[in-house]
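Reviewing the structure listed below.
Readers should treat all values here as calculations from the given coordinates under stated rules, not as data from a laboratory. Keep in mind the model is a prediction, meaning the values are calculated, not measured. Here the Cβ positions follow ideal geometry from the backbone for every residue, glycine too, while neighbour counts run over all protein chains shown.
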Amino acid sequence: MARRPAAVALAVALLLLLLPAPVAAAAAAAVGVNWGTMMSHPIHPSAVVEMLRANGVDRVKLFDADPWTVAALAGSGVQAMLAAPNDQLESLTRDPRRARDWVRHNVTANLNAGVDVRYVAVGNEPFLKSYNGSFINITFPALKNMQKALNEAGFGQRIKVVVPLNADIYSSPENKPVPSAGSFRKDINDLMVDIVNFLHANNAPFVVNIYPFLSLYQNPNFPLNFSFFDGATKPVYDQGMVYANVFDANFDTLVWSLRKAGVPDMRIIVGEVGWPTDGNKNANVKYAQRFYSGFLKKMAKNVGTPLRPGHMEVYLFALIDENQKSVLPGRFERHWGLFTYDGKPKFSIDLRGNGKVNYLAEVKGVQYLPSQWCVFNKDAKDKYKDLPASVNYACSNADCTPLGYGSSCNGLSHDGNISYAFNIYFQTMDQDVRACSFGGLAKITTTNASQGGCLFPVQILSVSGRVVPLIFLHLSLVLLVSVFTLL
């Protein structure tokens, strides 16, 4: 959704801090990042772009074409993949003029402003099984209309139209779980054959999102070490190929699927790959660092996969944590960021592939709200009367995912769980004193309420000038069960 900075003075102050600097040397492999903006308190895009440049990141993948975000890329030297979200597919299919308008407003205008647009993504994972076929009949027509619009605007050779797809569009049978047995899903096989041949005819790549973490999350019997790249598990053998990790096996399953679809040499971009740091027992900093360490070493060596050795173009998922993402896939969904909500790196990695493991450069100029927290008032009268409803309300309107089983704040006490819920709501509401009342059950303190490895955050000053209401009711029934076991 579009966001605009309302506080002009703040914007000017931030921009004064963002003096031009040369882009650092690019990494050995083509490693970009996914930049999502589904957070209640966004960081100024210009500050984010300067952080990207400081870390040598020269390409980003966006999930829309929000003018405020895209404008910050102008003249930066950072390549961009813009996107038309799934909710625009129907209009793009129904009326080709919508595609022409989209190209005029989002491609032509941004190119003229100095944004280096390289790709236009039509939809995002539109064939996910969880969508129950909602976008199956409209994705390909939208893709063709967008390609035609780019051609008419004179950009067809320079900018490629793609469809980022989840790895659930292909698989191998259970009785033969090896890459060579892979093919596209039966329900979309004919459609996928049409799409990949269309993309190939236009010299466009296939964009796939691969998540080793999800293999582990979705299958309790999945071997943990097969998710990583340090050779600590038994390999899989397939027609003379050796697979020591699930990423290679998954990628080559796609290669086989493309072969069977008649495009064996089609270029592949990994649109999303990463590891979350909270929201699940296997989502933590330790495993994320282990994953990225092995993955980035692999990218720097340009070894590719057994079937596709050599250079790969990949986009890490994701740049910054997003507290407004849906948690229907899992509570970890809001914790994929390499950076925390306030633009600080979570762990040290070798992003550039030069053998130096360091913390990434943080976002500069981030301002915080006052150092105060909202906590449970143990002295409140009738403190247990309205407590469940109050915690329910707080967690329905703010992000309580760290309280879930296996998460960073799962070990809090009875009172700690309550305080976390009250504080995260208080911070989300920009520390409005009315957001720390709950009928007298809460109080404001200047003593840091964080406990052990559980951070009670102080929110940043939002440069959008507003707080977007958080409606997380679909989370409550699942999350609050685990919270109330301690109440």
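Report the gain in length on full extension from residue 285 to residue 158: 0.36 nm times residue separation, minus Cα-Cα distance, nm rounded to one decimal. Working shown, then result.
Working: separation 127, 0.36 × 127 = 45.72 nm, distance 3.90 nm.
Contour length minus the Cα-Cα distance gives 41.8 nm.
A dipole drawn for the chain from +1 and -1 charges on Cβ atoms has a positive end, and of 123, 355, 155 the residue lying farthest that way is 355. From the cross-link list 286/364; 129/281; 129/346; 61/325; 286/383, which pairs have alpha carbons spaced over 28 Å apart? The answer is 129/346; 286/383.
In this structure, the amide hydrogen of residue 156, modeled 1.01 Å from its nitrogen in the peptide plane, lies closer than 5 angstrom to those of 151, counting only residues at least 5 positions away or on a different chain.
Using alpha-carbon pairs under 8 Å, 6+ residues apart, how would you state the relative contact order of the chain in percent? Write down the numbers at each step before the final one.
Working: 977 pairs, mean separation 80.3, N = 487.
Rounded, it is 16 percent for the chain.
Diffusion of the chain by Stokes-Einstein, at 37 °C in a medium of 0.692 mPa s and with Rh set to the Kirkwood radius over alpha-carbon pairs, works out to 138 µm²/s.
Each part gets one Cα centre, and for segment 204-251 versus segment 90-165 those centres are 31 Å apart.
The label-point distance for residue 386 and residue 455, in a model that sets each label 7 Å from Cα toward Cβ, rounds to 3.2 nm.
Here segment 273-333 is treated with +1 on each Lys and Arg Cβ and -1 on each Asp and Glu Cβ, and its dipole about the Cα centre works out to around 360 debye. When the alpha-carbon atoms of segment 297-386 are used, the pair Rg, Dmax equals 20.6, 68 angstrom. Let's see if you can work this out: charge +1 on each Lys and Arg Cβ, -1 on each Asp and Glu Cβ, no other charges. What is the dipole magnitude of segment 140-283 about its Cα centre, in debye to the nearest 20? Dipole size: approximately 260 debye. Helix 285-301 and the longest principal axis of the Cα set of the chain meet at an angle near 30°. Between residue 414 and residue 362, the simple spin-label model (points 7 angstrom out along Cα→Cβ) gives 3.7 nm. Between the listed residues 102, 80, 41, the Cα displaced farthest toward the positive end of the dipole of segment 25-157, a dipole computed from Cβ unit charges relative to the Cα centre, is found at 102.
Sparsely packed loop sites in segment 224-253 (the chymotrypsin sites (Phe, Trp or Tyr not before Pro) outside DSSP H, G, I, E and B with at most 16 other Cβ atoms within 10 Å) do not occur.
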